[in-house]
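The values are calculated or read from the model by the stated rules, or taken from the named source; none is laboratory data. Everything numeric in this text was worked out from a predicted model, so none of it was measured. Cβ atoms come from the backbone with ideal geometry, glycine included; neighbour counts cover every protein chain shown.
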Amino acid sequence: MAFKNNQIETLNLSNCINLRIIKVYAFFNNPIKQLKLSKNIELIEYHAFENNQIESLDLSNCIKLKEILSDAFSDNPLKEVKILDNIEIEYDIDYYKNDMWNIFARYYNNNKKKAGDYKYIDNKWQWYPL
């Protein structure tokens with residue numbers, strides 16, 4: 001919860017090469033609109049970026065990312081997610097089941113965890129190659 005409830009709008013962690021894990025609620029409840037993560041991120045924990053203003057989430061440079069835990073990006077107005085393949089993404093089937101992140105996570109998992117540029121168009125997620 002180190003950066004919870006601040007007024008962070010732009011967050012660039014791309015030069016934080018030793019950063020491997022983003023912990024629980026780390027950036028919860030900020031107005032983050034732009035996010036850049038380090039290529040060395042391996043794990044994003046529960047609710048890490050919940051309740052922000054992220055519309056476009058680009059994880060395509062996170063070449064070591066293995067897992068994103070439940071609700072990591074819930075309560076964001078997501079419209080696009082760029083992501084690599086075979087990333088384990090947990091999703092909430094109860095409380096946040098209609099949340100954009102959880103709908104994306106289910107779609108990604110059902111799409112065999114394929115790398116791609118996922119866009120929310122006409123009230124549904126759609127896959128496009130990177």
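Do you know which of the residues in the range 79-90 that are in contact with a helix residue (DSSP H, G or I) (Cβ under 9 Å, 6 or more places away or on another chain) and either of a type in the set (A, V, I, L, M, F, W, C) or closer than 18 Å to Gln53 by Cα (or both) is surrounded by the fewest Cβ atoms within 10 Å (Cβ to Cβ)?
Filtering the range 79-90 for residues that are in contact with a helix residue (DSSP H, G or I) (Cβ under 9 Å, 6 or more places away or on another chain) and either of a type in the set (A, V, I, L, M, F, W, C) or closer than 18 Å to Gln53 by Cα (or both), the one surrounded by the fewest Cβ atoms within 10 Å (Cβ to Cβ) comes out as Lys79.
Does the range 56-70 contain at least one residue that is touching a Phe, Trp or Tyr at 6+ places or on another chain (Cβ under 6 Å), within 22 Å of Thr10 (Cα to Cα) and modelled with pLDDT of 95 or more? Let's see the steps before the verdict.
First, pick out the residues of the range 56-70 that are touching a Phe, Trp or Tyr at 6+ places or on another chain (Cβ under 6 Å): 69-70.
Within this subset, residues satisfying the condition of being within 22 Å of Thr10 (Cα to Cα) are none.
Checked the range 56-70: no residue is touching a Phe, Trp or Tyr at 6+ places or on another chain (Cβ under 6 Å), within 22 Å of Thr10 (Cα to Cα) and modelled with pLDDT of 95 or more.
Can you find a residue in the range 95-110 that is at pLDDT 95 or above, of a type in the set (Lys, Arg) and loosely packed, with under 13 Cβ neighbours inside 10 Å?
no
Please indicate, with yes or no, whether at least one residue in the range 1-9 is out of contact with any Pro (no Cβ under 8 Å at 6 or more places or on another chain) and acidic (Asp, Glu).
Residues of the range 1-9 out of contact with any Pro (no Cβ under 8 Å at 6 or more places or on another chain): 1-6.
This time we only want the ones that are acidic (Asp, Glu), so: none.
Looking for residues that are out of contact with any Pro (no Cβ under 8 Å at 6 or more places or on another chain) and acidic (Asp, Glu), one finds none in the range 1-9, hence no.
Just checking, how many residues over the range 71-90 are in contact with a Phe, Trp or Tyr (Cβ under 9 Å, 6 or more places away or on another chain) and part of a loop (DSSP other than H, G, I, E, B)?
Number satisfying all stated conditions: 10.
If we scan the range 6-24, do we find a residue that is surrounded by 19 or more Cβ atoms within 10 Å (Cβ to Cβ) and assigned to a loop (DSSP other than H, G, I, E, B)?
No, the range 6-24 contains no residue that is surrounded by 19 or more Cβ atoms within 10 Å (Cβ to Cβ) and assigned to a loop (DSSP other than H, G, I, E, B).
Quick one: in the range 25-34, of everything that is of a type outside the set (A, V, I, L, M) and in a loop (DSSP other than H, G, I, E, B), which residue is farthest from Asn52 (Cα to Cα)?
Just the residues of the range 25-34 that are of a type outside the set (A, V, I, L, M), to begin with: 25, 27-31, 33-34.
So of that shortlist, the ones also in a loop (DSSP other than H, G, I, E, B) come out as 25, 27-31, 33.
Working: Tyr25: 11, Phe27: 8, Phe28: 7, Asn29: 6, Asn30: 5, Pro31: 5, Lys33: 7 Å.
Out of the qualifying residues, it is Tyr25.
Of the conditions (1) free of Cβ contacts under 8 Å to residues at least 60 places away in the same chain; (2) assigned to a loop (DSSP other than H, G, I, E, B), Ser60 fails just one. Which one is it?
The failed condition is (1).
Looking only at the range 91-130, count how many residues are outside any strand (DSSP E or B), touching a helix residue (DSSP H, G or I) at 6+ places or on another chain (Cβ under 7 Å) and either within 22 Å of Lys36 (Cβ to Cβ) or charged (D, E, K, R) (or both).
Counting residues in the range 91-130 that are outside any strand (DSSP E or B), touching a helix residue (DSSP H, G or I) at 6+ places or on another chain (Cβ under 7 Å) and either within 22 Å of Lys36 (Cβ to Cβ) or charged (D, E, K, R) (or both) gives 1.
Residue check, Asn76 against (1) under 10 Å from the mean Cα position of the chain (by Cα); (2) surrounded by fewer than 17 Cβ atoms within 10 Å (Cβ to Cβ), all met but one. Which one?
Answer for Asn76: the failing condition is (2).
Collect the residues in the range 91-130 that are among the aliphatic types (A, V, I, L, M) and over 17 Å from Asn51 (Cβ atoms), keeping them in residue-number order.
We begin by selecting, within the range 91-130, every residue among the aliphatic types (A, V, I, L, M); these are 93, 100, 103, 105, 115, 121, 130.
Matches in the range 91-130: Ile93, Ala115, Ile121, Leu130.
For the range 60-73, what are the residues that are buried (at least 18 other Cβ atoms within 10 Å of the Cβ) and on the phi < 0 side of the Ramachandran plot? Give the steps one after another, and end with the answer.
Within the range 60-73, the subset buried (at least 18 other Cβ atoms within 10 Å of the Cβ) is 62, 65, 68, 70-73.
Cys62, Leu65, Ile68, Ser70, Ala72, Phe73 - these are the residues of the range 60-73 that are buried (at least 18 other Cβ atoms within 10 Å of the Cβ) and on the phi < 0 side of the Ramachandran plot.
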